[in-house]
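Everything on this sheet refers to the single structure shown next.
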Amino acid sequence: MPDTPHSILLAAVTVICIVGAITDLRSRRIPNWLTLGALPIGLIASGILGGWQGLFLAFAGMLLALLIYFPLYLLRAMGAGDAKLMAAIASFLGPLMWIHLFIFSSILGGVVAVLFTLAKGQFKTMLGKSMNILRSLAYFQAPYAADPDLDIRSAKSLSLPHGAVIALAWFVLLFLWESFGFRIVRY
């Protein structure tokens, strides 16, 4: 069971995930008031609750999230709101806890994408587009340049509400941490 400062940070992440999921499901956008509001709160709260080490971990988590998500945004594979949401969450969690969330949300996102394309009868198309993405990246090209449907901004792109996937992954992680008695640490 986490200590009180960790509990406060985890509760904040839970609220951010819920609001991010609801807004992403409703409008397919994650609002700036949520992400840009949560980011400084995460940094400040981490500093207050964890001192200089907490502040350092908050910055390290935020930078790690941006290091991973910003290139995805530049490649137009992810929306800016998704990148800002993960950076804000990472400011509360620190790098170690955030990397767990990133891994779980990536795996869960892949599973949901497969189920989504199977349900829409577009699984074979998704496999072809996945090969196009790998081919473009192998030649150091942006995948959307070769196939405009791979641009997240395109109305024809197949996209998932990543905010909802992040929230679902967060709840799975909380359940696993509680069920198996893992000590939740930020470093």
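The values are calculated or read from the model by the stated rules, or taken from the named source; none is laboratory data. Note that the coordinates shown come from a computational prediction; the quantities given were computed from them, not determined experimentally. For neighbour counting, all protein chains shown are included, and Cβ atoms are generated from backbone atoms with ideal geometry for every residue, glycine included.
Filter segment 60-74 down to the residues that are among the hydrophobic types (A, V, I, L, M, F, W, C) and buried (at least 24 other Cβ atoms within 10 Å of the Cβ), then identify the one that is farthest from Leu25 (Cα to Cα). For segment 60-74, the residue satisfying everything is Met62. For segment 1-36, the set of residues classified as without any contact (Cβ under 8 Å) to a residue 24 or more places away in the chain, more than 20 Å from Ala169 (Cα to Cα) and either in contact with a helix residue (DSSP H, G or I) (Cβ under 8 Å, 6 or more places away or on another chain) or among the charged types (D, E, K, R) (or both) consists of Asp3 only.
Residue-by-condition table, conditions (1) touching a Leu at 6+ places or on another chain (Cβ under 7 Å); (2) of a type in the set (Phe, Trp, Tyr):
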{"site": "Leu67", "(1), (2)": "no, no"}
{"site": "Arg76", "(1), (2)": "no, no"}
{"site": "Asp82", "(1), (2)": "no, no"}
{"site": "Ala87", "(1), (2)": "yes, no"}
{"site": "Phe102", "(1), (2)": "no, yes"}
{"site": "Ala113", "(1), (2)": "yes, no"}
{"site": "Lys124", "(1), (2)": "no, no"}
{"site": "Ala145", "(1), (2)": "no, no"}
{"site": "Leu150", "(1), (2)": "no, no"}
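Condition (residue is within 25 Å of Ala155 (Cβ to Cβ), among the hydroxyl-bearing types (Ser, Thr, Tyr) and free of Cβ contacts under 8 Å to residues at least 60 places away in the same chain) applied to segment 87-103: is it met by at least one residue? No, segment 87-103 contains no residue that is within 25 Å of Ala155 (Cβ to Cβ), among the hydroxyl-bearing types (Ser, Thr, Tyr) and free of Cβ contacts under 8 Å to residues at least 60 places away in the same chain.
Per the conditions (1) in contact (Cβ under 8 Å) with a residue 60 or more places away in the chain; (2) surrounded by fewer than 24 Cβ atoms within 10 Å (Cβ to Cβ), the sole criterion not satisfied by Leu57 is (2). Only one of the listed residues (Leu66, Leu10, Leu49, Leu72) is at pLDDT below 95, under 13 Å from the mean Cα position of the chain (by Cα) and of a type in the set (A, V, I, L, M, F, W, C). That residue is Leu72. The sole residue among Gly61, Gly37 that is modelled with pLDDT of 95 or more, farther than 17 Å from Gly163 by Cβ and of a type outside the set (A, V, I, L, M, F, W, C) is Gly61. For segment 174-187, taking the residues that are surrounded by 14 or more Cβ atoms within 10 Å (Cβ to Cβ) and part of a helix (DSSP H, G or I), the one that is modelled with the lowest pLDDT is identified as Trp177. Going through segment 13-26 one residue at a time, which ones are surrounded by 14 or more Cβ atoms within 10 Å (Cβ to Cβ) and either over 14 Å from the mean Cα position of the chain (by Cα) or of a type in the set (Phe, Trp, Tyr) (or both)? Residues satisfying the conditions are Ile22, Thr23. Looking at segment 27-44, can you tell me whether even one residue there is over 15 Å from the mean Cα position of the chain (by Cα) and buried (at least 18 other Cβ atoms within 10 Å of the Cβ)? Yes, that holds for at least one residue.
Of the residues screened, Thr117 is one that is of a type outside the set (A, V, I, L, M, F, W, C), within 30 Å of Leu127 (Cβ to Cβ) and over 12 Å from the mean Cα position of the chain (by Cα). Would you check if there is a residue in segment 147-155 being at pLDDT 90 or above and either surrounded by fewer than 21 Cβ atoms within 10 Å (Cβ to Cβ) or more than 27 Å from Gly20 (Cα to Cα) (or both)? No: segment 147-155 contains no residue that is at pLDDT 90 or above and either surrounded by fewer than 21 Cβ atoms within 10 Å (Cβ to Cβ) or more than 27 Å from Gly20 (Cα to Cα) (or both).
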